[in-house]
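The values are calculated or read from the model by the stated rules, or taken from the named source; none is laboratory data. Note that the structure is predicted; figures quoted are calculated from it, not measured. Cβ placement follows ideal geometry from the backbone for every residue including glycine, while neighbour counts extend to all protein chains displayed.
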Amino acid sequence: MGSSYHRKLQHLILNAPGVKGMKVTPLSRDDLRLTDLMQSIIFKAQEEDIKEPFYVLDLGVLVSSMDNWTRALPMVQPFYAVKCNPEPALLGSLAVLGSNFDCASRAEIESVLSLGVSPNRIIFAHPCKVESHIKYAARVGVNLTTFDSRDELEKIRRWHPKCALLIRIKAPDDGGARTPLGTKYGALPEEVEPLLEAAKAASLDVIGVSFHIGSGAGHARAYGAAIAEAKTVFDAATRLGMPEMRVLNIGGGFTPASQMFDHTTTTIREAIEAHFSNKSGIKVIAEPGRYFAEPGFTLATNIFGRRVRVELREYWCNDGVYGSLNCILNDPGFTVTCSPLACKSNHANPTCKGAGTYKSTVFGPTCCALDTILRAHMLPELQVGDWLVFPNMGAYTAALGTSFNGFNTGVIKTYLAYSNPES
Ligand SMILES: *Cc1c(COP(=O)(O)O)cnc(C)c1O
């Protein structure tokens, strides 16, 4: 892509809702520059004796992620799953990059609408919605949702009968997902026809099929199997004399750009070609959360406690498993890693390049013993007042944090940066 293309995107993002008016630090795509920015934030905060954890969101990473998505799945329109990380700068940037949104509650719809995004760019992708949220969706004009039960159809008929529907089916193979969802949502094969008939009887418009193979899926073949299953539902609708279905929603579960992503997207392209190539005018959409949210966020935490036991080093830092790092409990497949930023003890070489390392344990701040972030992690000798930096911390992190023990995840600040995708 040319540089004028990237200048244009940068301009769009710097003026995006949630970004405009905020300070955005330009970076080259080189780790040291991110480290420099983190150090300058730390030094500035320390002047006021502030040592709170913070995030840096690199908006340039979003541009690369979107480029990569468009290259791999040009026929699949993304609806970013807001629950994964609702940071306004992330939502606003994705909006100007052309993403639509998957919301599951009134508050999520409100946060997307407040960015000036049109309601027809939102899918209310919760198969079992709170009644008052359905009424709200009807009022603001969010006219696409999912269902997998008769009771849900009844609520929609009552409160939002003009809403277009996607029948959510249970994906046949959970693909070894880290957080499979098939046990909670999705119509079983034998439930599909009765549900379609019930929708028809209620004069509701079922325009397509949706599934979600689960977050952090292990195997590409899960998408292939689910796309094949979706085709049988399109056929069932035709058999029942319903209008031709025209939307296929392949859900979320995508890993950030990697070999796994390439493999998954190849499988998806092949499955769409195999099962839907004869369907003209079909719209394919997806609901990626982790894919867009994970890579751009870096978390910095302050070391406020230390204990030395012979060769072992133990550190306490001020965010943990009841905060951003809840992914250790909730998302066991995610590999947490951290590197040192010895702003206090090693000014000349804060990343501690070449320094000897010790087996170290990193604890979170609460009094709970479960609040342990890393064990047997090799780190240089650090001191109270130094920092630890965690990369790839955007997916299901701060969004799920609590204020347990008085350590409030909700107040963690996010600083914005923009690395030029070309450098
Ligand atoms: C959580 C969720 C997503 C996003 O899943 P990722 O694994 O983060 O991509 C998409 N769709 C639905 C319905 C979800 O519940």
- Message: Any residue that is touching a residue at least 24 places away in the same chain (Cβ under 8 Å), within 13 Å of the ligand (Cβ to nearest atom) and not assigned by TED's automatic domain parsing to the domain that holds D49 - is there at least one of those in segment 226-237?
- Response: yes
- Restricting to segment 258-295, what's the tally of residues that are among the β-branched types (V, I, T) and either away from the ligand (no atom under 14 Å from the Cβ) or assigned to a loop (DSSP other than H, G, I, E, B) (or both)? 5
- Item | Residue selected from segment 389-403 under the condition of a type in the set (A, V, I, L, M, F, W, C) and more than 16 Å from the ligand (Cβ to nearest atom), by the criterion surrounded by the most Cβ atoms within 10 Å (Cβ to Cβ) | F390
- Note on the structure: Matching residues in segment 279-303 (surrounded by fewer than 24 Cβ atoms within 10 Å (Cβ to Cβ), touching a strand residue (DSSP E or B) at 6+ places or on another chain (Cβ under 6 Å) and not β-branched (V, I, T)) number 1
- Message: I need a count of the residues in segment 239-257 that are in a strand (DSSP E or B) and either on the phi > 0 side of the Ramachandran plot or more than 10 Å from the ligand (Cβ to nearest atom) (or both).
- Response: 2
- Task: Return only the number of the condition from (1) touching a Pro at 6+ places or on another chain (Cβ under 7 Å); (2) surrounded by 24 or more Cβ atoms within 10 Å (Cβ to Cβ) that W316 does not satisfy.
- Result: (2)
- Item | Residue in segment 102-111 that is touching a residue at least 60 places away in the same chain (Cβ under 8 Å) and crowded, with 17+ Cβ neighbours inside 10 Å present | yes
- Close pairs (6 angstrom Cβ cut-off, 6 or more residues apart or separate chains): more than 26 Å from T366 (Cβ to Cβ) in segment 284-312, of a type in the set (F, W, Y) anywhere: I285/F79; E287/F79; P288/F254; Y291/F254; F292/Y80
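When only residues in segment 142-167 that are polar (S, T, N, Q) and within 24 Å of V112 (Cα to Cα) count, which is surrounded by the fewest Cβ atoms within 10 Å (Cβ to Cβ)? Walk me through it before giving the result.
Kept after step one, since they are polar (S, T, N, Q), are these residues of segment 142-167: 143, 145-146, 149.
Okay, now just the ones that are also within 24 Å of V112 (Cα to Cα), so 143, 145-146.
On the way: N143: 18, T145: 25, T146: 29.
Step by step, filter segment 142-167, then rank; the result is N143.
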- Filter result for the condition that a residue is touching a Pro at 6+ places or on another chain (Cβ under 7 Å) and assigned by TED's automatic domain parsing to the domain that holds D386, over T298, T335: T298
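Please find, among A187, A222, the residue that is more than 24 Å from the chain's Cα centre (by Cα), farther than 16 Å from M75 by Cα and within 16 Å of the ligand (Cβ to nearest atom).
Details: A222 fails: more than 24 Å from the chain's Cα centre (by Cα).
Unique residue meeting the criteria: A187.
So if I check each of G175, G141, G214, which one is in contact with a Pro (Cβ under 9 Å, 6 or more places away or on another chain) and at pLDDT below 95?
On the way: G175 fails: in contact with a Pro (Cβ under 9 Å, 6 or more places away or on another chain); G141 fails: at pLDDT below 95.
Just a single option satisfies the conditions, and that option is G214.
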- Message: Suppose we keep only residues that are in a loop (DSSP other than H, G, I, E, B) and within 28 Å of the chain's Cα centre (by Cα) within segment 354-368. Which one would you say is nearest to T335 (Cα to Cα)?
- Response: G364
- Task: Give me the pairs, please: first residue somewhere in segment 113-131 and over 14 Å from I156 (Cα atoms), second residue anywhere and exposed (fewer than 15 other Cβ atoms within 10 Å of the Cβ), beta-carbon distance under 8 Å, and either six or more positions apart or on two chains.
- Result: L113/V140; P119/V140; P119/G141; N120/G141
- Query: When you scan segment 135-151, how many residues do you find that are assigned to a helix (DSSP H, G or I) and farther than 20 Å from A107 by Cα?
  - Reply: 2
- Can you tell me which residue within segment 404-423, out of those that are within 18 Å of the chain's Cα centre (by Cα) and assigned to a helix (DSSP H, G or I), is surrounded by the most Cβ atoms within 10 Å (Cβ to Cβ)? T409
